[in-house]
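Structure, as structure tokens:
The values are calculated or read from the model by the stated rules, or taken from the named source; none is laboratory data. For clarity, every value in this text was computed on a predicted model and none was experimentally measured. No Cβ is skipped: glycine too gets one built from the backbone with ideal geometry, and neighbour counts run over all protein chains shown.
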Amino acid sequence: MSQDNNYSQGPVPLAARKGVISLTFVMLGLTFFSASMWTGGTLGTGLSYNDFFLAVLFGNLLLGIYTAFLGYIGSKTGLSTHLLARYSFGIKGSWHPSFLLGGTQVGWFGVGVAMFAIPVSKATGLDTNMLIMVSGLLMTVTIFFGISALTILSAIAVPAIAILGSYSVWLAVNDVGGLDHLRAIVPETPLNFSTALALVVGSFISAGTLTADFVRFGRSAKGAVLVALIAFFLGNSLMFIFGAAGAAAVGQADISDVMIAQGLLIPAIVVLGLNIWTTNDNALYASGLGFANITGLSSRTLSVVNGIIGTLTALWLYNNFVGWLTFLSAAIPPIGGVIIADYLMNHRRYAADFSKVHFLTVNWVAILAVAIGIAAGNYLPGIVPVNAVLGGVVSYMLFNPLVNRKFVKLPEVGHAE
């Protein structure tokens, strides 16, 4: 299969690897997303001051550990999530996670486009559909240039969002009497703590499962772990704090809405646009890699096609946002769990030349493990996404060795089939 500059069919060569700083900007560009602010607003109005920080920090620590595992594997091998899935799911078996992950990222792209267009339309009076088409097209054009465009865009967006957002929240908190006032607020409708943790982890575990797609460009596995922890533990926590502070101060969770309420219209549009642009381009990039694994086509071309689809369906996706999140919270995590479990059990196999590795056509144990993980997330008590990951890990570790021993002559195929 032909290789493209996104390395969708093989490992990233050492000459194309990047340092920790540039990858940190890319990953922070991913986690700086308005949806996390929305969830932060929900937590901020449903939890006490101390419980809010406990839920956010503990939940994002769990998310950071999960993504750090995947980041380590990605950097160690130089492979995308979808190529890593071939080891555990098989050649054609990997199409299942690629379709699910790629499809959800197209959905997130569409949601993001609408999340930009709708508030800007309300604030300026411009037509929503026109804004959706223009912003979706611009976001799609930049992804054509791959990881380099993501790096440049994130290097601009991340500092701008952090500085303007922090200033806006500082103004908002001071307007309502400072931190002492926020500490004294008692939630009118208290939120269960385990539910809060599920919201924190579930809000970004879909994109987190694709961590390897980005940090496979890292020069060292230790650096990839650091990047994942910074992005998901620190970066995502900052978005939750922005959302909670805004919700408490002016009744709006999204930092752009807070800034509009403060009369900062132009900075609000800039922050909202950059916030969503970086995350959306990461989503398109990952979706292209997923469908490239299935079709063998250029991931760059597929990313552009996915951007067009996401733009055209943006309003529908936006209107079904809550149901979408609920589905993702249990359906995605077991995939990452299976990939992690296979690497822990068979890490020496990953050190071989990828072009010479042989894979099963379909490993049904991996598919079963995902199904068990989904069931564990839905039916076991505790934190839904965490149960789903652990369900996938444990069931794969238990059943895969048994099946492999029983069917040692199961036919295998080369990676190029």
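Here are the numbers for the structure shown:
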| read-out | value |
| --- | --- |
| Some residue of the stretch 62-85 being modelled with pLDDT of 95 or more, among the charged types (D, E, K, R), outside any loop (DSSP other than H, G, I, E, B) and surrounded by fewer than 23 Cβ atoms within 10 Å (Cβ to Cβ) | yes |
| Residue check, N346 in a helix (DSSP H, G or I), modelled with pLDDT under 85 and under 17 Å from I91 (Cβ atoms) | no |
| Residue match in the stretch 328-336 (condition: modelled with pLDDT of 90 or more and out of contact with any Pro (no Cβ under 6 Å at 6 or more places or on another chain)) | yes |
| Helices (runs of 4 or more DSSP H) lying entirely in the stretch 146-203 (those with 2 or more residues that are more than 16 Å from L272 (Cβ to Cβ) and within 23 Å of the chain's Cα centre (by Cα)) | 147-175, 193-202 |
| Enumeration of residues in the stretch 104-137 that are over 18 Å from I260 (Cα atoms) and under 21 Å from the mean Cα position of the chain (by Cα) | T104, Q105, V106, G107, W108, F109, G110, V111, G112, V113, S135, G136 |
| Qualifying residue in the stretch 315-329 (condition: closer than 13 Å to G102 by Cα and part of a helix (DSSP H, G or I)) | yes |
| Any hit, the stretch 339-358, residues being within 19 Å of the chain's Cα centre (by Cα) and under 19 Å from L79 (Cβ atoms) | yes |
| Top-ranked residue of the stretch 263-301 - restricted to ones that are among the small types (G, A, S) and closer than 30 Å to A123 by Cα, ranked as surrounded by the most Cβ atoms within 10 Å (Cβ to Cβ) | A283 |
| Selection count where residues are surrounded by fewer than 23 Cβ atoms within 10 Å (Cβ to Cβ) and not acidic (D, E), scope the stretch 49-61 | 7 |
| Condition met for L226 (farther than 23 Å from V106 by Cα, surrounded by fewer than 24 Cβ atoms within 10 Å (Cβ to Cβ), at pLDDT below 90 and out of contact with any Gly (no Cβ under 6 Å at 6 or more places or on another chain)) | no |
| Residues that are within 18 Å of L79 (Cα to Cα), among the hydrophobic types (A, V, I, L, M, F, W, C) and assigned to a loop (DSSP other than H, G, I, E, B), drawn from the stretch 6-42 | V12 |
| The lone exception for V362 - which of (1) of a type in the set (A, V, I, L, M, F, W, C); (2) assigned to a loop (DSSP other than H, G, I, E, B); (3) farther than 14 Å from G90 by Cα it fails | (3) |
| Search result, residues across the stretch 349-359 that are outside any helix (DSSP H, G or I) and either among the aromatic types (F, W, Y) or out of contact with any strand residue (DSSP E or B) (no Cβ under 9 Å at 6 or more places or on another chain) (or both) | A352, D353, F359 |
| Per-region count, the stretch 93-136, residues more than 13 Å from L317 (Cβ to Cβ) and surrounded by fewer than 24 Cβ atoms within 10 Å (Cβ to Cβ) | 21 |
| Meets criteria (closer than 26 Å to G263 by Cα, at pLDDT below 80 and surrounded by 15 or more Cβ atoms within 10 Å (Cβ to Cβ)) for A172 | yes |
| Near pairs, Cβ below 6 angstrom, 6+ apart or cross-chain, from the stretch 216-229 (touching a residue at least 12 places away in the same chain (Cβ under 8 Å)) to any residue that is among the charged types (D, E, K, R) | F217/R17; F217/K18; R219/R17; A221/K76 |
